[in-house]
Structure formats: C-alpha cells, structure tokens
1. Which distance in nm do the two modelled labels at Gln407 and Asp314 give, with both placed 7 Å along the Cα-to-Cβ direction?
2. Could you size up the charge dipole of the chain around its Cα centre, putting +1 on the beta carbon of Lys and Arg and -1 on that of Asp and Glu, and report it in debye to the nearest 20?
3. Enumerate the lysines that Lys72 could reach by cross-link, defined here as Cα to Cα under 28 Å, with residues fewer than 8 away along the same chain left out.
4. Convert each backbone phi in segment 138-145 into a coupling constant with the Karplus relation 6.51 cos²θ - 1.76 cosθ + 1.60 (shift: θ = phi - 60°), then list the ³J(HN,Hα) values in order as whole Hz, x for Gly and Pro.
5. How far, in nm, would the chain grow between Asp256 and Arg343 when pulled straight, counting 0.36 nm per residue and subtracting the alpha carbon separation?
6. Mean Kyte-Doolittle of at least -1.0 and a Cα length of 27 Å or more along the axis: which whole DSSP H helices of the chain meet both?
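FYI, it's all coordinate maths here, none of it is from the lab. Nothing here was measured: the structure is a model prediction, and the numbers come from that model. Quick reminder, even Gly has a Cβ in these numbers, built from the backbone with ideal geometry, and neighbours come from all protein chains shown.
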Amino acid sequence: MPETYTAPVTRLWDSDVLVVGGGPAGVIAAAAAARSGASVTLIERYGFLGGNSTQILDRFCGFFTPGPDPQKVVGGLPDEVIDALFQRHAASYHMCPYSDAQLITYNPDVLKVIWERLALDAGVRLLGHVQVIDVLRDGDRVTGVIGAGKSGLISLGAAVIVDASGDADVAFRTGVPCEGAETGVLQALTTTFRLINVDTDRAGQVAPGTLHAMMVEADARGDYDLPRHQGSASLTCMPGVVATNMTKVIDVDVTDPCQMSAAEIEGRRQAMEYARFLVEQVPGYEHAVLGGLSTQIGIRESRRIRGQYRLTRDDIVTGRAFEDAIARCAWPIEDHHARPDTRWERVAQGGTFDIPYRCLVPQAVEGLLVAGRCLSADHDAHASVRVMAQCMAMGQAAGVGAALAAQRGVSPGDVPVREVQDRIRAWGALI
C-alpha cells in the first residue's frame with residue numbers, strides 16, 4: 001500500500017509586501033517597502049537577520065571604487081546600517097589587497113541587532129524559524145508562500161513578494177526560468193573561521209603574497225591539505241581577532257541537501273587544517289586559538305533567475321550604463337573557480353557599471369521581484385554584483401518597487417522606474 005501524508009496548513013496573515021529571506025538584500029527591501037507605506041512581513045529561516053553578513057562574513061564589499069581615491073557608489077538605507085555600526089564602535093575601514101578597494105569590517109553580532117532595529121523601526125513584521133517550501137498562485141500571479149516551522153505548515157499571502165532568499169526559492173517554485181544550481185558551473189563554497197589571541201601587529205606584517213607562497217609550499221610538501229592558495233586572513237575591528245576566507249569546496253549544487261551536508265563537513269575539515277597551518281607556520285599566530293566557525297558554509301552562487309534583462313560580463317568590463325539603473329557597482333569580477341587561485345577581472349578604467357531594474361523582474365510570473373544574488377545575470381556578471389553592498393542597493397529598489405506595485409494593484413514590472421529612482425535618490429542612493 002503506497003504511503004500517504006497530508007499536513008494541514010495554517011493561514012497566518014496577509015501583507016502588502018512579503019519579503020522572503022532576511023539577508024542584506026531582504027532586510028533593506030523590507031525596510032524600504034515599509035517606509036514607502038506598505039504593510040510588510042519578512043520571513044527568515046534562522047532566528048536572526050543578516051544572512052551572509054552575520055552568518056559567514058565580517059566585512060562589506062562593494063561600497064567604494066578601487067584605487068587610492070575611493071569614491072562611494074552605494075548609498076541610502078545601507079548608509080544607516082554603516083552609521084549604526086560606527087556609532088556602536090563596531091566597525092572600521094580596511095583596504096582589500098586583492099581588489100584594491102576599501103572595505104568596511106564590522107562585528108557580526110552587533111550587526112544582528114542593527115538589522116533587527118532597521119526592520120522593526122520601519123514597521124516590518126518579522127517571522128523567523130520558517131523555511132519557505134512552496135508558493136501560492138492565481139494563474140500567472142504568485143499570491144503567497146507556504147512555509148514550514150516546528151509547529152507545522154503555515155501560509156502567508158501578499159500582493160507582491162520579494163524573493164531575497166539568495167537561492168531564488170520563490171521564483172524557482174513559481175516556474176521562473178533559472179540557471180546556475182542545476183544547469184552550470186558554480187563558484188566554490190567557503191566555511192569561514194575566526195582566530196582569537198592573535199598577535200595582530202606581527203600577523204599584519206605578513207603580506208598576502210608571502211602568505212600565499214607559504215600556502216603553496218606547505219601544500220606541496222604534503223604537510224597540509226590546502227586546496228586554496230589565495231585565501232585571506234584579515235584583521236578585524238576587534239583586538240586580537242583575525243577573520244579568514246580560506247577554505248574552498250567545489251562542485252556543489254547547494255539546492256541538494258545531500259551535497260550540502262557533505263560540503264558542510266568538508267568545509268569544517270578544511271577550516272581546521274587552515275587554522276593548524278596558520279598557528280604552526282605563520283608569524284603572529286603562535287598562540288592563536290579557534291574563535292568560531294561560520295554558522296553554515298558560505299554560498300556565493302546558486303540559482304540565478306532569467307529576468308527581463310540579463311546582466312552580462314560585457315556590461316561589467318565595459319562599464320555600461322542603463323536608463324533603468326537602480327544601483328551602481330565597481331567591484332571586479334571575482335570568480336572563485338575550481339582551481340586554487342581566484343580569477344579577477346576589473347571594470348574598465350576603474351569605473352562603474354549600472355544594475356538595471358529589469359534584472360530584478362522575473363520572466364513568466366506576475367507579482368514577484370527578486371533582490372540580491374539571485375538576480376538575472378550570467379556567471380561572470382554575477383561574480384561581481386553578488387557582493388553585499390550591491391545586494392543592499394538592489395533590495396532598496398526592490399522594496400520601493402514592490403510597495404508601489406502593491407499600492408496600485410499592478411505588477412512590479414509595470415511600475416514606472418523613474419518613480420523608484422526618484423524615491424531611492426531622495427534617501428541618498430547613488431545612481
């Protein structure tokens with residue numbers, strides 16, 4: 001006799017805008033929609049907000065152009081997050097030796113609270129510990145989602161949904177054409193870790209090139225298993241603490257739980273090996289101890305939607321401008337491919353390029369926008385625009401577009417982009 005299972009679904013509430021995913025793109029999208037007058041719910045599968053910014057990393061990339069005279073390219077609501085970090089003495093500026101760009105390093109635990117305050121102060125209703133597993137539809141329009149929590153299945157409805165899940169979970173389940181996870185080569189995954197009790201004065205004197213040469217030599221001797229030779233160990237805003245971005249786990253479809261389970265185990269194994277290498281071989285780390293692993297393995301790339309426009313490598317390297325621009329980017333193509341190094345390719349003449357609103361508007365469905373790394377872009381373009389400053393900027397525009405669409409009873413693709421641009425400019429967006 002075939003097995004059957006039927007679970008009841010409890011309806012919770014409806015909102016003008018429902019944002020799925022509480023990472024940098026999702027929190028900014030929710031706050032932007034709420035400040036635009038919409039009722040907003042934000043769903044997050046963890047018990048805290050921030051996504052990669054609080055689970056994996058401790059620094060924001062993409063706010064500035066590279067070079068000795070950095071120019072800011074992202075502004076608006078993201079500035080409030082940065083300001084709050086500095087006001088709490090939980091951030092500092094840091095130069096990235098690989099991109100030659102200014103970064104902002106921060107305390108991830110303080111940032112968790114800042115993300116919450118940004119959303120709550122805007123009037124966003126937060127719902128954590130819920131994983132979206134399906135969607136509700138009315139013809140070609142998505143009207144809500146079904147989520148799973150400890151108490152069972154729940155559903156929430158909305159006039160417009162913003163998919164900021166990173167993996168295009170809503171878009172994929174709604175039938176939007178996607179590429180990436182199931183159809184192509186993906187960037188490597190990384191389990192990050194912190195070391196504490198580091199002599200940061202001495203460790204800071206080890207140039208990246210020297211560190212990389214030491215990795216190559218140690219790996220070649222067979223003393224350590226170091227699959228990535230260009231990993232970074234960076235000073236943080238906390239005394240004696242170094243944050244790493246070193247491990248490399250390749251050929252993983254992050255939408256497959258079996259592959260992801262194996263990747264998590266491998267990422268932690270590599271983290272312990274890199275930590276051993278630093279303590280035993282690199283000046284300044286002699287008395288360092290492990291201070292924590294990332295909450296989960298860091299994902300750079302999974303599903304990317306097919307939208308009304310698909311950003312391309314040529315758009316990036318030529319510095320292309322668009323009439324429907326909703327964000328700017330100067331971050332180079334940063335491709336963590338399967339080889340031990342990382343492929344970098346810069347924007348022409350150290351300039352910037354635009355991210356068009358159409359990259360957030362999916363094909364084949366109404367009532368949906370995306371924001372963050374699941375935007376419509378090819379592999380190379382995605383390797384540039386996936387960084388967190390640009391994800392925040394996309395969220396800012398998606399939140400406004402979603403609110404306007406909900407208030408007017410139209411699809412997000414029919415919202416006049418000029419109105420979105422005017423509103424985010426008034427908040428300080430740099431487009």
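1. 3.9 nm
2. 640 debye
3. Lys112
4. So the Karplus estimates, Gly and Pro as x, are 10, x, 8, 9, 7, 10, x, 9 Hz.
5. 28.7 nm
6. 257-281, 388-408
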